[in-house]
Structure formats: C-alpha cells, structure tokens
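The values are calculated or read from the model by the stated rules, or taken from the named source; none is laboratory data. Note that the structure is predicted; figures quoted are calculated from it, not measured. Here the Cβ positions follow ideal geometry from the backbone for every residue, glycine too, while neighbour counts run over all protein chains shown. When the accessible area is computed, the model is the full protein with side chains, heavy atoms only, and any ligands, DNA or RNA have been set aside. Shrake-Rupley method; radii C 1.70, N 1.55, O 1.52, S 1.80 Å.
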Amino acid sequence: MRDDDDTQANDERDESDEVAAPAREGDDSVLVDEAVSAADTPLDEDLFADTLIDDGAAPHERSVDEGEDGEYLDDAFAEGLLDDESGPAPEPADEPEPEEAAEGSDEHGSHGEGGDKRSTAAQFRHDLRTPFNLIIGFSEMLIEDAEEEGDEFLLAHLQRILTDAQSLLALIDEILDPSSRGPSQERLNRDLLFPLSHLLNHVERFQQLCEQAERDDVLPDIGRILTAVRRLDQLVATGAINKAADSARTDPEYKAARTGTGAAAGVKTPQLKKRTVVEAKSETGKILVVDDNESNRNMLSRRLERQGHTTRVAENGLRALEKLREEDFDLVLLDVMMPEMDGYEVLERLHADDKLRGLPVIMISALDQLDTVVRCIELGAEDYLPKPFNPVVLRARIGACLEKKRLRDRERAYIKRLRVEQERSDQLLLNVLPRPIANRLKEGQRQIADYFPDVTVLFCDLVGFTQISERLPPAELVAMLNKIFSMFDLLAEKHGLEKIKTIGDEYMAASGLPMPRKDHAEAVAEMALDMLAVMDRFNAKHNTNVRIRVGLNCGPVTAGVIGTKKFAYDLWGDTVNLASRMESHGIANAIQVTEETYRRLRHRYAFQRRGIIHVKGKGALCTYFLVGRRPAGAKSPSGDDADE
C-alpha cells in the first residue's frame, strides 16, 4: 500500500514540473534510470577531490521497481543500514579501518604536517555534509536573484531543490546522530534513496530547460548544484551512509562529542530554517575567504560581495598567510580542513604574529563537533559556523565581527594617540628636568631636594653679547643663540652632562648628578674643550667672531625642583657660585678653573697657571687655564707647577 502512495505522490510532483517544463515521456522508472546514468557520468573532481571516502567503483544501479517488498536493492543497503522500528539497532560489526589514500585523503585526514588526525566518524560526517553546503548555498543565491527579477520559472524549480536538499540534510544528520535510534529501513528507502534520485533527475531536467532557454546567467551555478548532487548520490551509492553510521556508533570520541557523555555534551548542529531575507544596514569590509574547495570560495565570495564587502580568496593556509602579509584585511573566513596547512595552524600563526594577532577570524567548516569549535576559539577564532550555514546568521556574525574590529581599531588608534601625546608630554618635561627627576615627579613625589657631595659645574658666557644684540635684528639674534646653544646641547648629550639652564647668553651644565659618576670632572673638561672647537667652526662657517668664556669648579652642591606649574631643576651652593665666578672673571676663548679642579685633572690635561686673582666674595684665589689634552705618555707636572 505504501508503494502505491509513494508512486502517486511522486507522480503528482512530476506533474507539477510539467507546468514550467516540457512534458517527458515515461514513468518513475524512467526517471530513476536517467538518474543512474547521470550518476555514472564522471564528476568534476575539483569540487570534491578532498574527501576521505573512497569512491570505489561506479555507483550501483538501482530501481524503485526492483524487489518483492518494494525495497531498493542497492548494495549499500543490502545488509540493512538500520533495523526497522520494531527493535533496537544492533551493534554494527567491526569493520576494517578505511585504507589510506584515496586521492586527497591526506588533505582531510590530517591537519597539515604534525596535525591531529580527525576521527573517522567526524570525517565521514564532513564529507557527507559538504555537498549540501554547495546545493543549498548556490540555490539560495539563485533564488535571491530570481525574486528580484520576478522569474517564477526559476523560483518554482529552485525552491523545490532547496526544500528537498534541506530535508535530505536533516535525515543525514539524524542517521549520523549516535544518540538516536535512527530511521527504519523503510523510511530510508522512502525518504533518502528515492528523494535523492528524484532530486538528481530534477536538477538534470532543470539544467536542460535552462540550456534550451539559453539562460547563460544561471547555467554555471546550476552546473555546480548538479555536480554536488551527483557527488552526494555517488557517496550514498558506494556505501558511505553505512560506514558513517557504523563509525558514529563505534567511535568513542565522536559519540562523546554528540551524545552528551563527554566534554562536548549538548552540541547540536543548527538546522536551517525557512529562508529569511533581512534588509539591514551592516558593516562592510575587506574579507579574505580561505577554502580549498573552489566552489565554496566562489559561493562565499559572491555572497559577501552581494552584501557590499570586498573579497579576496586563498586556496590554502600558506597562501592565506601570504595574502595577509601583502594586504590589509578586516576579517578572515577560514576553513578548518585544508591541504598543506589547516585552519588550526593558520590560527596559531596569526596569534604569533604581532601585526595579525588582532585580526578577527570566523571558522566555517562542515566539522560541527564541539571539540573542533572549542579548539578554534581557544586558538583565537572570533566565531565558528558549521556548513551549510544560514546566510542570515552568517551576515549577522560578519557584521558583529566587523563592528568589533572597528571598535578595536578605534581603540588602538586612540591608545596610539594617547601614547604619542604622553611621549610628547614626557619629552617636554625632559626638556626642563633630568629624566630621573621627571620620573620621580610622575610617580607623585611632590618635593625633590638632594645633596651631592662631589660634582663638577660648568658655566659658559658669550663675550660682548650686549653689543652683538644691538647690531642684529631680533630674529637673527635668536636664531644665532639657538644654533650655538643647540650645539652645546649636543655636546652635553655626547659627554653625559646634565644641562641645567640658560640665562640670557649664559649656559650652565653639570656632571655627577642626578646620577653620580666618578669621572665627572673629566667629562666636563672634555665638553669645555669641545665648546671652544665648535665655536671656531661656527665662526668660520658664518664669518662671525663670537667668543666665549668658560668656568669650571668641583665640589658639593644641593639640587632640587622648584615651582608648581613651571618646574625648574637648579643647583645651589658655594661650588656653583665659584664656578660662575671662574667664568665671569675669565678671558675670551679660555677655560678658567679653580685650583681644586686643576689638582683633579692635571694628570690627563694640560694647564697654564694664571696666578692669583681677586674673586668677588672669595678674595684672592689661584686659578688655571685648561688648554688641552695631555698626550699619552707625557710626564705629569709635580706639585703646583703647571705648563708654562
């Protein structure tokens, strides 16, 4: 009785096709024969070359009319996929592991060199679901176009193809769910084999009608759908369902991931609902699509471009990394199972790259086990969508990822601006204060005052600056001072001195503070000699006659910061006052030092004794002129004798 009902139902479906297509002669057996001959046709190996399942021989011929009980006599079901509903399913007999190879099996059986081997059950599930991703994806895109154009002929056929594919996918998921008892053999005959043959026949007739109507705009995508249906029919005909169902019930890892007995409890593949078109403004960006299947790349990139995105494609992980280093992208859609380098390794490489670490990645794969999802998220993926994906969900996830990336980009730009402003602020502070003192202020220290028992202080003054300022315009005068004092700043940095301040035409620096150093006197002597040398070069270059006086003194000082809004780091003490007197009581183009400074430096530098001079506030003092560096091996003066 059921056979009669099935025949009547399918006759009604065939009659509905004839509304939009020319009448065909023959009954249901003719349709099945045509489906079988189509299944024998060589497939486009580019679409499904990377599956674990060995196709083996050509699909076995089957007919809905064979068998006394109305059952299909396909070898894949001759042993019985599942028992009928009257009793529990028996434990499947142990089957030998699938042989290595089958072209492309390495590409999907392992994730790159050194990658983890996927469980056989998960691999079978991946291979059986992959054709549905193409059938459903291309059908939905063609339906969108047909709806915009009001093409009722295309809509009638494509909606039936989409509905049939979704029903078959739901049945495949049910068969491969180890927690369910599974459908009976009778239901498999009714809901899988005949509908699949009818779907194949329908798509072939649909392609022929479009060829007759010269619909070149849709023929390429219909061809991709037909190739996917043929591949699915071939997998079923060569026993893939048996192998997948047995593996699902005997593979502990897979069973734990899908039945709630392990860490992956409670995971279910999202089922596709009725198509919904959502018109909403969303973020757009530049997206890299990475998939080893050309049809998957084609479908994803075209769908994204329809949404306003710019896309690039890569056929494997290595090529993806090359493109990511060549161009800037906002998002990556990444397949898990690929040859040469799988999605896991790509995520690891992205995480290890400072430039690419923050790039959002959405994983799209026919693998839908929780351990796969968790591992991808742990490696840095932003999201995970199983194939076939719901286009509305995909659009929403992409929009959310792009929005988060825009926020992160703005945050990084803001942090970068803050860092630049902070560095600028720090530099301004360092122009006024020594770095250690500036750091103490930033740390919240309010009062800074230190005593240094032994430092060397330098003062330098431009001779006759008052007369020079009367001759030069203000701009030229300031420019000249800036050039001279900038040269002195470079010398202070070269010799490790701390510039204290400038007062008018006077320049003050010190060594041995705020960080003490043993050679502070030598460092100041070197700078003083270099100051005379750079002034000689300055005068020669600018045809001027600017002269300087320099004074040095060694001893203890007090140093600290004064001011609350405008900070100043300054020195106090007799050592500072006497160094200033050495400069002011000196002569042009000479370096005058105190006797204490002379005693420290006489073994390395040449001096000329000036003699006793009267110093304001100090009385009579013996001073010396530093005239140069003492040659290596030269005899040092003894006692108070200086070079004549």
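Taking Lys and Arg as +1 and Asp and Glu as -1, the other residues whose beta-carbon sits under 10 Å from that of residue 509 total 0.
In this simple spin-label model, placing a label point 7 Å from the Cα along the Cα-to-Cβ direction at both residue 152 and residue 483 gives a separation of 9.0 nm. Spin-label pair residue 501-residue 545: with each label point 7 Å from Cα along the Cα-Cβ axis, the two points sit 3.3 nm from one another. A 1.4 Å probe run over region 482-553, with the rest of the protein chains in place, finds 46 Å² accessible per residue. The stretch between residue 439 and residue 219, if pulled fully straight at 0.36 nm per residue, gains 72.0 nm over its current Cα-Cα span.
Past 31 Å, Cα to Cα, is the threshold; run 243/387; 404/442; 442/494; 405/442 against it and keep the listed order.
With Cα atoms farther than 31 Å apart: 404/442; 405/442.
Heavy-atom accessible surface of residue 515, to the nearest 10 Å², is about 120 Å², with a 1.4 Å probe and all protein chains retained. Extension gain for the segment residue 315 to residue 595, taken as residue separation times 0.36 nm less the Cα-Cα distance, is 92.7 nm to one decimal. Shape of region 367-503 from the C-alpha gyration tensor: prolate (a/c of 1.5 or more and a/b above b/c, with a ≥ b ≥ c the square roots of its eigenvalues). Within the shell defined by Cβ-Cβ distances under 10 Å, the residues around residue 382 carry a net charge of +2, with Lys and Arg each +1 and Asp and Glu each -1. Compared with the alpha-carbon gap, the fully stretched path from residue 354 to residue 616 is longer by 87.9 nm at 0.36 nm per residue.
Any idea of the accessible area per residue across region 359-447, 1.4 Å probe, to the nearest Å²?
Per-residue accessible area for region 359-447 comes out at 56 Å².
Applying 1/(1 + (r/R0)^6) with r as the Cβ-Cβ distance of residue 564 and residue 284 and R0 = 45 angstrom yields a FRET efficiency of 0.30. Treating the Cα atoms of region 490-644 as identical point scatterers in vacuum, please give the log10 of the normalised Debye intensity I(q)/I(0) at q = 0.08, 0.18, 0.21 Å⁻¹, two decimals. The Cα Debye sum returns log10 ratios of -0.24, -1.19, -1.52. Among 296-305, 358-367, 417-426, 606-615, sorting by the average number of other beta carbon atoms lying within 10 angstrom of each residue, highest first, gives 358-367, 296-305, 606-615, 417-426. With R₀ set to 56 Å, the beta-carbon distance separating residue 392 from residue 325 gives a calculated FRET efficiency near 0.95. Per-atom-type breakdown for region 486-644 gives carbon and sulfur 49% of the accessible area (1.4 Å probe, protein chains only).
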